Each structure stands twice: as C-alpha cells, then as structure tokens.
Amino acid sequence: MGDLDSFVPLIDGPDEMKCPSDKVVFDELTGQYICLEGGYVIGQELDMGPEWRAFDFSEKQRRSRTGGPINLSVGSSVISSMIDWKDRDATGKKLSPLRKAEASRLRRWQIRSRIPDSANRNLQQAMDELNNLSHRLGLNHAIRERVMHIYREALEKGVVRGRAVEAVVAAAVYAACRIERLPRTLDEIALHTRVSKKEIARCYRLLVKELGLRVPIADPRDFIRRIADSLGLSGHVITEAMKIVDSARHAGLTAGKDPAGLAAAAVYLAAHIVGEKRTQKEVAAVAGVTEVTVRNRYKEIIQFLGITVAE
C-alpha cells in the first residue's frame, strides 16, 4: 500500500472530498489511488528518485550519471535533428527551383547519414509504427518500452527478416500487453493496423518461440476494469464482476473460454445486479467480442452459479 499523504490528486473539487480514506485503495500495478465506492482514480503516486539502486557508496558513485534514462521507444542512439520540409528560407520567402532541389538533396543525404544501415532503418520504421499504434490503443510508457525491447531482440536474432514490420510490431504489442497485465485482444490490435489477425497471431507465436518469452495466461479480471470504465460503470460493478469471475473459475467455467468474453459477460451480469444496466451490444462493442459470445457466457454463468437476475 502506498503512502496516501504523498499522492498527486487527479480530481480537484467536491468529488475528491466525497471519497473517505478507508475506501481508498492503492493499485500497485498502475500506481493509482482508487476509490472503491465511486471508482474514481483520485491520485497518482510519483517516484521522484533514480531508476537504479545502490547498496554502498562506491556503487552509488559508479551508477550515478546525468541525463534521463535510456528510452527504447525513442531513437536515443541516433541524431534526432531533421531538415525542415518547408521550402522557404529564414525570412519566409519561397526558395528558387535551384535552391529547392539543393535542399531536397541535402535532406535526403541527412536522412541517410542519420540512419546509416538497414538495421537502424528497420528499427526507425518500427518506432514510427509503434508510435501510431500506441496513440490509437492508448498504450502507456511501460508497454512501449517492453515492445521495443522485444522488437530489438527479434531484430538481433533475425526473426524480423522476411516479415512485415507492421506485423512484428503488432505481435510485440500483443505480447507486451499480456506481459504487463494490461491486455488488448488480437481483434482490437488488428483493427488499428493493416495486418490481418491471422498474421499477427502467427508472428506472436514465432516471437514467443524464438525469444523464449514468458507470457502469463490471460486473466478475465484484467479485462474487467477497462470494460467497465469504457461503459461508465461504477466501482460497485467492478467489484461484483470480480466476484462473479472468481466464482466461475472455482466452478470450472473459465477453462478454454475467451477471457475477454468471460469478462464481458461478468460485467454485463454485474451491471444488472447493481442496477446500472447496459445492453449486450454495448458491452460486446467495448470488449471486442460478439453479442453471441456475451450471451452464451452469460447464460452459462447464471445457470451453473444459480444466479437469478430480474429482467
């Protein structure tokens, strides 16, 4: 549990004052303080210290340095300067055709000198693709760093050779999200790329095999909070959905089932129990599954757990 006196408030105003201290919990995964009653994220714990540890003075002297930490999701090892694409001089006047051709030639050679070999060009292309995908999926810094670590290792071992950069990056995103316990479905990732779900899955299996990635089994609980938050549901619904998933696991209903579908059905059922009803269509759209999946998992849960829901 983090120190409640050191958090940075994210909500200013009366909503923050409505959350009693005994109902506020600390999520170690995201570093956030969450109110159990309203589901508000009321604070964020910030670590202002270095990212390294030292156990004696000599080790501290050896590890101490200036500048920010290495950022794998940014091309830290190459020059970041670029020649502007605007064909105007310092006074704002348009360049003559001769000067424009000269600037274009200089720009081309500047790009070649900035990324001198094919490996770095491939890496830069992967970074650009990751930035676009991160913006569309809302990925945090930890996941982006994990993606670039996986991609760099795949590039060094020759796994990327002969395969589309987009497919490998998408597969690395899927693997990184599962490792960081903030999963995204293959359908959701494929929706924001030009690569098919089948190709992403093939590259994902290849990365796991060749790089020896240890990917945890997807847990329906990891999907519940994101689904409920997207639907504007309260913390009571999240708590009830967690209990439903735990009961379903003990009853053996989760084996061989899509975790996203189970989470969607649990949220749908919990919302009806709490009184914050949502339609199966709304829940399915947010979870990235079909209405049929939500309906089937919902029927299985209420049948085997003996839950009665007032329609």
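The values are calculated or read from the model by the stated rules, or taken from the named source; none is laboratory data. Given the structure is predicted, the values throughout are model-derived calculations rather than measurements. Note that each Cβ is placed from the backbone with ideal geometry, even for glycine, and that neighbours are counted across all protein chains shown.
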**Report entry** Residue satisfying condition, being in contact with an Asp or Glu (Cβ under 8 Å, 6 or more places away or on another chain), surrounded by fewer than 20 Cβ atoms within 10 Å (Cβ to Cβ) and outside any helix (DSSP H, G or I), within set ARG214, ARG194
**Finding:** ARG194
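On the basis of being within 24 Å of ARG181 (Cα to Cα), touching a residue at least 12 places away in the same chain (Cβ under 8 Å) and not hydroxyl-bearing (Ser, Thr, Tyr), does VAL274 make the cut?
no
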Query raised in the report: If you check TYR204 against the conditions, is it crowded, with 22+ Cβ neighbours inside 10 Å, in the same structural domain as GLU156 (by TED's automatic domain parsing) and touching a residue at least 12 places away in the same chain (Cβ under 8 Å)?
Result: yes
Query raised in the report: Under the condition of being part of a helix (DSSP H, G or I) and within 22 Å of the chain's Cα centre (by Cα), which residue from the range 252-265 is surrounded by the fewest Cβ atoms within 10 Å (Cβ to Cβ)?
Result: PRO259
Requested in this report: Tell me which residues, restricted to the range 145-182, are more than 22 Å from LYS197 (Cβ to Cβ) and surrounded by 20 or more Cβ atoms within 10 Å (Cβ to Cβ).
Outcome: MET148
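Please enumerate the residues belonging to the range 290-306 that are within 13 Å of LEU269 (Cα to Cα) and touching a residue at least 40 places away in the same chain (Cβ under 8 Å).
Within the range 290-306, ARG297, GLU300, ILE301, LEU305 meet the criteria.
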**Report entry** Failed criterion for ASP246 (all others in (1) part of a helix (DSSP H, G or I); (2) at pLDDT below 90; (3) of a type in the set (Asp, Glu) hold)
**Finding:** (2)
